[in-house]
Amino acid sequence: MSRTTSDTRPFPAKTMNFVREQFAHLERDMHGTERIFFENSGGSLRLRSAAERALEVSLSPDSNSRPTRVARDLARVQKQGEQDLLAFFNGAPDGALLPTATASQAMFDVIRVITDAAPGTNIVTTAIEHPSSYDACAGNAARTGQEFRVASADPETGGVDPQAVADLVDEGTSLVSVIATSNITGAVTDIAAVVAAVRAKNPDVYVVADGVQYAPHGVIDVRAWDVDAVNIAPYKMFGDRGNAFTYLSPRLADLPHDKLAAASTRTWAVGSSAPAAYAGFSAIVDYLAAIGGAEPGSDRRTALVAGLRAIHGHEQALLHTLLEGTASQPGLHQLAGVHVHFADRAATLPRDLIVPLTFDDVSCADAVRAYEERGVIVYERVATSPYSERILRAVGLNGVVRVSPLHCHTLEEAERFLAVTQEIADKVRRAGEQAA
Ligand SMILES: Cc1ncc(COP(=O)(O)O)c(C=O)c1O
C-alpha cells in the first residue's frame with residue numbers, strides 16, 4: 001500500500017457528529033440547495049464559531065489601544081489570538097507575527113525584506129510554488145541582480161525532492177522559498193529534509209515556507225522545520241477571508257522592515273490591528289483543541305496538535321476511500337475513463353487531501369459543470385490560467401479537476417462522490433459508443 005493511505009483513522013461517530021455540527025453550509029449552500037462541497041482548496045468550509053466570534057468582536061467600535069474597559073477586552077482578545085498563533089506555529093517566544101490582508105502580500109513583504117538584507121548571488125525556489133512566492137522570488141532576484149534558480153518538480157509525485165532543491169544551493173544562495181503542500185497536486189514537501197539538505201550546503205541561508213495549503217491538514221512546527229517564515233491564510237483553514245498571518249523567526253524579525261517610528265523593532269504590523277481576525281483564529285484553535293481527545297488540562301499546543309493529527313487520520317481515510325472505493329462502489333483507481341494523478345499506489349510522497357483527476361473524453365470545465373449538476377462542487381485547474389499554468393506544465397499536465405474534500409466530510413460522502421464520478425464517465429462513454 002502506498003504512503004498515501006498508511007495512516008487511515010476515521011473519526012469515531014461521536015467526533016464526526018460534533019465536527020459536522022460546527023461547520024456552516026456543510027450540506028446546503030446559501031440558497032438552501034443540497035450540495036457536497038469538495039472545493040476546500042479554494043477556500044474551506046467555515047466554522048460557525050470562527051465567524052460568530054469575529055462578528056461579535058467586530059461589532060464593537062472601540063479601538064483596542066484606548067484605556068476603556070471594552071478596549072482592554074479587545075486587547076486581550078488580540079493577545080490571546082497572538083498566543084494561539086504562536087502555539088499553532090510552535091514559534092519561538094522571541095519570534096514575530098506579521099498580520100496582512102492576504103498570504104500573498106506577506107510573501108512579497110518577507111521576500112523583499114530578506115532580499116534587501118541578506119547578501120547573495122542567487123535565490124532558489126521550486127517549480128510548484130504558488131505565484132505569490134514564485135513571483136516574489138523572481139522579481140526580487142531581478143531587482144537585486146541575483147540569479148533565479150528553480151528546482152524541477154517530480155512528475156510522478158507532483159512534489160519536489162529535497163535534494164533537487166539542495167542541489168541548486170551554494171555559498172551564494174541568500175534565500176530558499178519552498179511550498180509545504182501544493183494547492184494543485186496535493187503533494188506534501190518534507191520541509192525539515194529540505195532545510196537540513198539546504199543548510200548542510202549553506203548554514204546561513206534564509207528559508208521561507210508557504211504553509212497556506214498545508215495548514216488545515218497537518219502540524220506546522222517552525223522550530224522543528226528550522227525555517228525563518230511560514231504564512232497561513234485562515235480562509236483555507238475554516239476561517240474567513242481578508243486576513244493572513246505569518247510567523248517570523250527571531251533573526252528575520254530583526255531585519256530592517258517597514259514600520260512606524262513609534263513601533264518597536266520587532267513589530268511588523270503597520271497601522272491599526274483587527275482584533276476580530278484574532279478572535280476568529282482563537283475560535284479555530286479552540287475547535288482543533290476540542291476534537292483531538294487531548295487529556296483535559298493539556299497545554300494549547302498539545303491539544304491543537306492532537307486535533308490536527310485526528311484530522312489527518314480521518315482525511316487519510318477519506319483519501320483511501322476515494323482512491324480504492326468501498327465494498328459497493330469502485331474507487332477512482334478502478335473507474336474506466338478516469339485518471340488520478342500523483343496518487344499512484346507507488347507514490348513515495350505523503351499527500352494531503354487533494355485529488356487531481358482527469359477524464360478520458362470530458363474536458364475539465366465540462367466535468368466541473370457535470371459535477372455541479374449532480375450536486376458536487378469541485379474546481380478545474382487548467383493551463384490557460386496564469387495561476388496554474390507553470391505548475392501544471394512542471395508536472396506534465398494541461399489541466400486537472402481538483403477534488404478537495406475536508407475532514408468534516410464522511411466516508412459516505414466520498415462514496416457518493418465516486419458514484420457521481422462513475423456516472424459522468426459512463427455517460428460520456430455511452431455517448432461515444434452511440435456515436436461510433
Ligand atoms: C499554496 C498557496 N499559497 C499562497 C496562496 C495565496 O493566499 P492568499 O489568497 O491569501 O493571497 C494560496 C491561495 O490560493 C495558496 O493556495
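Only the coordinates and a few stated rules stand behind these numbers; no lab work does. These numbers were taken from a predicted model, which means no experiment stands behind them. As a convention, Cβ positions derive from the backbone with ideal geometry for all residues, glycine included, and neighbour counts pool all protein chains shown.
Which number comes out as Rg/Rh for segment 71-124 once both Rg and the Kirkwood Rh are worked out on C-alpha atoms?
Values: Rg = 14.9 Å, Rh = 13.5 Å.
Taking Rh as the inverse mean 1/r over Cα pairs, Rg/Rh reads 1.10.
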The ³J(HN,Hα) series, computed from each phi in segment 414-421 with the Karplus coefficients 6.51, -1.76 and 1.60 at θ = phi - 60°, rounded to the nearest Hz and given as x for glycine or proline, is 4, 5, 4, 4, 5, 5, 5, 4
Across segment 52-286, what fraction of all alpha-carbon pairs, as a whole percent, falls in each successive 10 Å bin from zero upward?
8, 33, 35, 17, 6, 1
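Rank by packing, highest mean first: peptides 193-203, 67-77, 398-408, with packing defined as the count of other Cβ atoms within 10 Å averaged across residues. Walk me through the numbers before you get to the answer.
Details: 193-203: 17.0, 67-77: 14.5, 398-408: 24.0.
So the peptides 193-203, 67-77, 398-408, ranked by packing, come out 398-408, 193-203, 67-77.
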Contour minus Cα-Cα span, Ala263 to Ala200, at 0.36 nm per residue, comes to 19.0 nm
Spelling it out for Val169: with amide H atoms placed in the peptide plane at 1.01 Å from N, the residues 5 or more places away or on another chain with amide H under 5 Å from its amide H are none
List, in order, the whole-Hz ³J(HN,Hα) value for each residue of segment 305-321 obtained from phi through the Karplus relation with A = 6.51, B = -1.76, C = 1.60 and θ = phi - 60°; use x for Gly and Pro.
5, 4, x, 5, 5, 5, 4, 4, x, 5, 5, 5, 5, 5, 4, 4, 4
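Find, to one decimal place in angstroms, the Kirkwood hydrodynamic radius of segment 204-320, where the mean of 1/r is taken over every pair of different Cα atoms and then inverted. Walk me through the numbers on the way to the answer.
Values: mean 1/r = 0.0625 Å⁻¹.
After inverting the mean inverse Cα-Cα distance, the result is 16.0 Å.
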5 angstrom amide H check on Ile36, placed H, neighbours 5+ away
Val376, Ile377
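Tell me, what is the FRET efficiency for His339 and Phe18 to the nearest 0.05, using R0 = 56 angstrom and their Cβ-Cβ distance as r? Provide the component values of the computation, followed by the final result.
Details: r = 36 Å, r/R0 = 0.65.
Given R0 = 56 Å and the Cβ-Cβ separation, E is 0.95.
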Return, for the Cα atoms of the chain, the radius of gyration and Dmax in Å, separated by a comma.
22.1, 79
For the pair Ala436 and Thr144, what calculated FRET efficiency results from E = 1/(1 + (r/R0)^6), where r is the Cβ-Cβ distance and R0 = 60 Å, to the nearest 0.05?
0.50
Cα lying deepest toward the dipole's positive end in segment 52-286, options Ile220, Val169, Gln80, charges on Cβ:
Gln80
If all Cα-Cα distances of segment 121-210 are sorted into 10 Å bins from 0 onward, what percent lands in each bin, rounded to whole numbers?
19, 55, 25, 1
Rounded to the nearest 0.05, what FRET efficiency do Ser328 and Glu372 have when you use their Cβ-Cβ distance and R0 = 25 Å?
0.50
Apply the Karplus curve 6.51 cos²θ - 1.76 cosθ + 1.60, θ = phi - 60°, to the phi angles in segment 105-122 and return the couplings in whole Hz, x for Gly and Pro.
4, 4, 4, 4, 4, 5, 5, 5, 4, 5, 5, 5, 9, 9, x, x, 10, 8
Segments 17-28, 39-50 sorted - mean Cβ within 10 Å per residue, highest first
39-50, 17-28
Modelled label-to-label distance, Val70 and Val270, 7 Å Cα→beta-carbon offset: nm?
3.0
Of the listed peptides 301-308, 366-373, 124-131, what is their order by residue-averaged count of other C-beta atoms within 10 Å, with the highest listed first?
124-131, 301-308, 366-373
